[in-house]
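FYI, it's all coordinate maths here, none of it is from the lab. What you see is a predicted model; the values in this text were computed from it and never measured. Please note: Cβ atoms are built from the backbone with ideal geometry, for glycine as well, and neighbour counts cover all protein chains shown.
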Amino acid sequence: IPALLIRHIGVRWTLAAGIAQGISFLCKTYPAFIISGIALIGCLLPFAGVAPFSSKPFRFRHFWILLLATLITIAPWMLWCYIEFRREFFFEQVQIFRHLSQNVEGWAAPWDRLIFDYALRIYHVFYPAVLTATILLIWRGWRERSFALLILLAWGFGVLIPHLLATSKTPTATLIGWPAFLRLLSAMIVRAIDGDALCLGGWLGATLI
């Protein structure tokens, strides 16, 4: 979906993204709707003065096509489960949302566990660079009104923030947001190579750390 937002290439790819979101929902339930969240932000950014790259940008009608394709994809399984196993269906939906407010399977942790523990193990030697890139490009993204950077930030933080607030946290719960932060790292490196002194300093400093 970030690629669609940056360079929209038609309704067929929007439908494909919606179907992919539906398949993701059937695998990992509600976190899959980060795709819809990113798409909605992509539709709203032009109203904040952030110009999309494409002459045919992703618009609200595409957002509704995306959502409709998702609902059509998940409807057969969800309806069958509801009809055949109604009690178990509702129990499972409640269990999913219990992660937000209760200690599920002993995974309760303070809010900063994801940033200063799990993320440190996830990104390993790249952790300082990923952290530096994220901080630098938040400022650069808004200052430059960069559609691409703001979409990446929406993707990464759209996954991270809900998990920071949730009571139960697992090391891999934020996996769907890892690519966004790694893409921010690559963006910092590209800018450093192109002569951006701040990004070059951040990259070298983080590497030394």
From the coordinates shown, percent of Cα pairs over 22 Å apart corresponds to which of (i) 62; (ii) 49; (iii) 57: (iii)
Order by protection proxy (mean Cβ within 10 Å, highest first), peptides 117-123, 78-84: 117-123, 78-84
Folded to 0 to 90 degrees: helix 11-28 orientation relative to the chain principal axis, Cα: 70
Cα-derived Rg to Rh of region 10-71, Kirkwood definition: 1.00
Helix axis angle, 178-193 relative to the chain longest principal axis, alpha carbon, degrees: 20
Helical mean residue ellipticity (222 nm; -39500 (n - 2.57) per DSSP H run of 4+; nearest 500) of the chain: -22000 deg cm²/dmol
Kirkwood Rh in Å, taken over all unlike Cα pairs in region 32-155: 18.2
Calculated SAXS-style log₁₀ I(q)/I(0) at q = 0.14, 0.16 Å⁻¹ - region 81-147, Debye, Cα scatterers: -0.72, -0.77
Sequence-separation-based contact order of the chain, relative, with Cα cut under 8 Å and 6+ spacing, percent: 23
Distant-in-sequence amide H partners of ALA108 (H built 1.01 Å from N, under 5 Å): LYS169
Cα long-axis angle, helix 197-208 against the chain (0 to 90 degrees, to the nearest 10): 70
